[in-house]
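Derivation of every value follows stated rules applied to the coordinates shown; laboratory data play no part. Computed from a prediction, not measured in an experiment: that's the story for all the values here. A quick note on method: Cβ atoms are made from the backbone with ideal geometry, for glycine too, and the neighbour counts reach across all protein chains shown.
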Amino acid sequence: MFNLILFGPPGSGKGTQSDKLIHHFGLLHISTGDLLRDEVKRETALGLEAKSFMDQGQLVPDAVVIGMIDSKINDNLEAKGIIFDGFPRTVEQAKALDALLELKEHSIDSLLWLEVPEDELIKRLLQRGLEAGRSDDTREIIEKRIKEYTEKTKPVADYYKIRGKMTKIKGTGTVEDIFGRIKKAVASFIEVE
Ligand code: B4P
């Protein structure tokens with residue numbers, strides 16, 4: 001089982017590139033952002049709790065997200081591999097993920113860090129706010145999300161760097177250019193179906 005973390009700030013293209021990767025390599029996609037938005041839409045207890053954090057540009061508490069991931073991994077132990085998109089977002093989440101995978105005799109193989117300058121992130125997310133109407137894509141909330149990323153999520157890259165698993169990917173250019181760079185990095189681990 002090949003396990004990849006697609007890492008980067010809000011708007012760096014994690015969701016966009018995951019869509020391409022799952023088709024190219026036949027991997028399973030787990031996006032905590034998508035899972036949380038689905039809970040919010042269905043107005044579950046978890047969704048109602050998560051919404052108050054997401055609307056403020058804050059991270060949802062670790063315990064909520066880790067529980068969600070645990071059941072998702074358990075449901076998909078036969079997958080060829082998993083792309084974790086938007087998870088882990090704190091060092092606590094990273095430790096929990098490593099422990100969950102270890103229990104199942106698996107591990108994270110690689111973290112790819114999509115690097116994009118802040119002005120480009122803001123431009124992309126404001127544009128998505130106009131086109132897709134996501135309630136957290138407003139200037140005020142985007143700035144809070146970037147602050148949360150810098151303070152709480154960036155240390156996750158160091159956590160995997162120390163373990164020799166982190167690779168930086170230039171996250172600017174066309175979607176295809178970036179996908180080409182990611183494909184090269186992933187190809188050393190996995191064959192195309
Ligand atoms: P996410 O859903 O993970 O959202 P994101 O970081 O904003 O998106 P992403 O980086 O995937 O950007 P995308 O490809 O869509 O999180 C939302 C919220 O959920 C968080 O703020 C938090 O509250 C909560 N949450 C999620 N996971 C959590 C966790 N583990 N713990 C706690 N809380 C959690 O790209 C953005 C835009 O850029 C798109 O419109 C796209 O078309 C465009 N784009 C992409 N690539 C481009 C390119 N090369 N050029 C130009 N535009 C591009």
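For GluC sites (Glu not before Pro), the sites in segment 55-133 that DSSP calls loop and that have at most 15 other Cβ atoms within 10 Å are GLU78, GLU105. Under conditions of 10 °C and 1.306 mPa s, the chain yields 94 µm² s⁻¹ as its translational diffusion coefficient, taking Rh as the Kirkwood radius over Cα pairs in the Stokes-Einstein equation.
For a straight C-alpha distance cut-off of 19 angstrom, the lysines reachable from LYS20 (same-chain residues fewer than eight places away being disregarded) are LYS80, LYS168, LYS170, LYS183, LYS184. Overall, the anisotropy analysis places segment 84-193 in the oblate class: the square-rooted eigenvalues a ≥ b ≥ c of its C-alpha gyration tensor yield a/c not less than 1.5, with a/b not exceeding b/c.
State whether segment 132-193 is rounded, prolate or oblate according to the following rule on the C-alpha gyration tensor (a ≥ b ≥ c being the square roots of its eigenvalues): a/c under 1.5 gives rounded; otherwise a/b larger than b/c gives prolate, and the remaining case gives oblate. Cα axes put segment 132-193 in the oblate bin. Calculation over all alpha carbon pairs of segment 19-113 in 5 angstrom steps from 0 returns a P(r) of 2, 12, 24, 25, 18, 13, 6, 0 percent.
Charge tally around ILE178: other residues with Cβ under 15 Å, Lys/Arg +1 each, Asp/Glu -1 each, net +2. Distance between the pseudo-spin-label points of GLU140 and LYS41 (7 Å out from Cα toward the beta carbon): 2.6 nm. Across segment 23-34, coupling constants 3J(HN,Hα) worked out from phi with the 6.51/-1.76/1.60 Karplus curve, θ = phi - 60°, read 6, 5, 10, x, 9, 8, 10, 10, 10, 5, x, 5 Hz, and Gly and Pro carry x.
Within straight-line reach of LYS152, meaning a Cα separation under 18 Å, sit the following lysines at least 8 residues removed in sequence or on another chain: LYS14, LYS95, LYS144, LYS161.
Among residues other than ALA45 whose Cβ falls under 12 Å from its Cβ, what is the net charge (Lys/Arg +1, Asp/Glu -1)? Summing Lys and Arg as +1 and Asp and Glu as -1 gives -1.
Of the trypsin sites (Lys or Arg not before Pro) found in segment 20-63, the ones in coil according to DSSP and having at most 16 other Cβ atoms within 10 Å of their Cβ are ARG42. Which of rounded, prolate, oblate describes segment 1-59, given a ≥ b ≥ c as roots of the alpha-carbon gyration tensor eigenvalues and a/c under 1.5 marking rounded, otherwise prolate only if a/b is larger than b/c? Judged from the Cα gyration tensor, segment 1-59 comes out prolate (a/c at least 1.5, a/b above b/c).
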